[in-house]
Structure formats: C-alpha cells, structure tokens
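Structure record follows, encoded as structure tokens.
The values are calculated or read from the model by the stated rules, or taken from the named source; none is laboratory data. Note that the structure is a prediction, hence the values are computed from the model and not measured. Counting neighbours? That spans all protein chains shown, and the Cβs are built from the backbone with ideal geometry, glycine included.
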Amino acid sequence: MDKSTIVEILEKAKTEGRKILTEPEAKQVLQACEIPVNKTQLATNLDEAIRLAREINYPVVLKIVSPDITHKSDCGGVRVGIGSETELRRAYQEILDNIRAYNPKAQILGVAVQEHLSPAAEVIVGGLQDKSFGPTVMFGFGGIWVEVLKDISFRLAPLNSGEALEMIREIKGYPLLSGYRGRPQTDIEAIADTIVKVGNLVAEFPQIKELDINPLFVFEKGKGVKAVDARIGLGESNE
Ligand code: ADP
Ligand code: MG
C-alpha cells in the first residue's frame, strides 16, 4: 500500500473542504492499494476528451466529474459504449446539458473518459467504519440484489483471503460466480484479493468513513477484476 499517495489525495480533498472524493481520485486511492481499475482520465474540454478517447481506444465511457453529483447515472451523467468520435461529441454535450438541467449550481470539474469493458459479473465491494464494530467490509451483487434481496455479507477488517473467500461463498447469488449451469467461472480469487485490500485500507485509514466499489467488474477465472466506479466518503478519524 502506497500510504503517502493516499494521504496526499485525502489531504487535498480536506483542504478543499470536500467530504467526498471524485471518482478519478477514489480510483487513484484504489490503485495505491494495488486494486485494479479501468483506464480513467479527466478531460476538462471536448478536444481533450477526443484526444484521451483516441489514447484509450474506442469504445469508451464518459462520466460527469462533480463533487455535487454522487449518483451519476441518476441524472444523465454516464454514457457507456461510445464507439466513435461523432458519438463522443454528442455524448459529451448531452452529459453537460443533463447536469446543468438537473442542478445548475453543480460545480463541474470535467468529464472522465474511461475504457469500456464487458464483465462476466458485476459485484459490490464496500468498506466502512461501523459505529459499534469499527472497520468493516461488505460484499454483494449490485442493483436489486443489494437493494431488494439484501444478499450481502459482512466481516470485520482487516481480514485474510480465507475469510474473504467465505464472505463470497455465503451470499445466495454465489452460484452466479462459480460457473453454475454452463455460466463462465469467474475470478473469485481476484474478488477475495480486492476485499482483503479494501479491509486493509479502512483499517489503516479511519478518516475513510465509507468506500464503495460499485461495480467491481469480474472477469473469467484467471482474468481478474477491475473497479469501474468508486466512491470514498471522508470524516474525522474520531467521528
Ligand atoms: P453511478 O453509480 O454513479 O450511477 P457508474 O460509474 O457506476 O455510475 O456507472 C453506472 C453503470 O454503468 C455501472 O453500474 C455499469 O453497469 C455501467 N458502467 C460504468 N462504467 C463502465 C465501463 N467502464 N464499461 C462498461 N460499463 C460501465
Ligand atoms: Mg456506480
């Protein structure tokens, strides 16, 4: 874990009076923990977005970067599967129009240009400082699996990879990861590794109040995982 890089990113947000890191900042923290993330670069104008998309290679994803917007797709701030420069020009403008319509006062730091990926599964890995239990990690499937079915598991942090594997195996949706009825077997070891690293991070940094990798893209066995969205909320270490 590259602690000095993490401290630097957390201090910058604190100095600017922000309690939430932007997605690109949160991904830098993950990278400093050696958690893989998808290629993500910040563009502050259309020409820069075009240049970055060429570098990253199409298809790409565009996402609004604003400290005032936490659920980006709820307000039209995310476009996936952009296949060409023509599409990118249109998507860039649409995102800015959507955000201005949603909240004219939102501070816009730019638009993140990211590599578009196709996963075998989308899961959530979270970390938080629980009021009673202290540093804790969470694992589950995304979307309705968390919201409706509450199919999630928790452990105290820090934890080892055996405990992380148990956490993964105990959710009801586990067969969807393990190759049930001809589905691809996914990289469960890489998910466990990510849970262990998130556990170490929240145990080491009490000022990280909550962390969500939602989604963590999971690929076929041996092909790893990549965080495509990340959210980190900050508080005082004694809060
Ligand atoms: P938010 O959670 O703030 O609405 P996300 O960054 O999670 O925004 O994007 C919303 C959804 O778009 C994700 O749950 C995922 O299904 C899809 N998505 C996000 N990034 C990518 C990507 N790089 N490649 C493919 N799909 C993506
Ligand atoms: Mg998300």
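Annotations for the structure displayed:
- Checking each residue in region 111-161 for being of a type in the set (Phe, Trp, Tyr) and outside any loop (DSSP other than H, G, I, E, B) picks out PHE139, PHE141, TRP145, PHE154.
- Condition check for GLY173: in contact (Cβ under 8 Å) with a residue 24 or more places away in the chain and closer than 30 Å to SER4 by Cα: no
- VAL111 β-branched (Val, Ile, Thr) and surrounded by 19 or more Cβ atoms within 10 Å (Cβ to Cβ): yes
- Matching residues in region 13-37 - criterion: being of a type outside the set (A, V, I, L, M) and surrounded by 18 or more Cβ atoms within 10 Å (Cβ to Cβ): THR22, GLU23, PRO24, GLU25, LYS27, GLN28, CYS33
- Of the criteria (1) outside any helix (DSSP H, G or I); (2) under 21 Å from PRO119 (Cα atoms); (3) not β-branched (Val, Ile, Thr), which one ASP193 fails: (1)
- Checking each residue in region 198-225 for being in a helix (DSSP H, G or I) and either of a type in the set (Phe, Trp, Tyr) or surrounded by fewer than 22 Cβ atoms within 10 Å (Cβ to Cβ) (or both) picks out ASN200, ALA203, GLU204.
- Close pairs from region 6-22: first in a helix (DSSP H, G or I), partner loosely packed, with under 13 Cβ neighbours inside 10 Å, Cβ under 9 Å, at least 6 apart: ALA13/LYS19
- Conditions (1) out of contact with any Asp or Glu (no Cβ under 6 Å at 6 or more places or on another chain); (2) at pLDDT 95 or above; (3) within 16 Å of ligand 1 (Cβ to nearest atom): number failed by VAL202: (3)
- Residues satisfying the stated conditions in region 162-190, i.e. part of a loop (DSSP other than H, G, I, E, B) and closer than 19 Å to LEU30 by Cα: ASP187
- Annotation: VAL60 fulfils all but one of (1) farther than 26 Å from GLY222 by Cβ; (2) of a type in the set (A, V, I, L, M); (3) within 16 Å of ligand 1 (Cβ to nearest atom); the unmet one is (1).
- Scanning region 228-239 for residues that are surrounded by fewer than 24 Cβ atoms within 10 Å (Cβ to Cβ), among the small types (Gly, Ala, Ser) and either assigned to a loop (DSSP other than H, G, I, E, B) or touching a helix residue (DSSP H, G or I) at 6+ places or on another chain (Cβ under 6 Å) (or both) returns GLY235, SER237.
- Total residues in region 92-108, condition surrounded by fewer than 19 Cβ atoms within 10 Å (Cβ to Cβ), in a helix (DSSP H, G or I) and touching a helix residue (DSSP H, G or I) at 6+ places or on another chain (Cβ under 7 Å): 2
- Residue within region 80-91 that is modelled with pLDDT of 95 or more, touching a Leu at 6+ places or on another chain (Cβ under 9 Å), closer than 18 Å to ILE20 by Cα and buried (at least 16 other Cβ atoms within 10 Å of the Cβ) present: no
- Apart from one condition, MET138 fits all of (1) within 14 Å of ligand 1 (Cβ to nearest atom); (2) under 30 Å from GLU189 (Cβ atoms); (3) modelled with pLDDT of 95 or more; the exception is (1).
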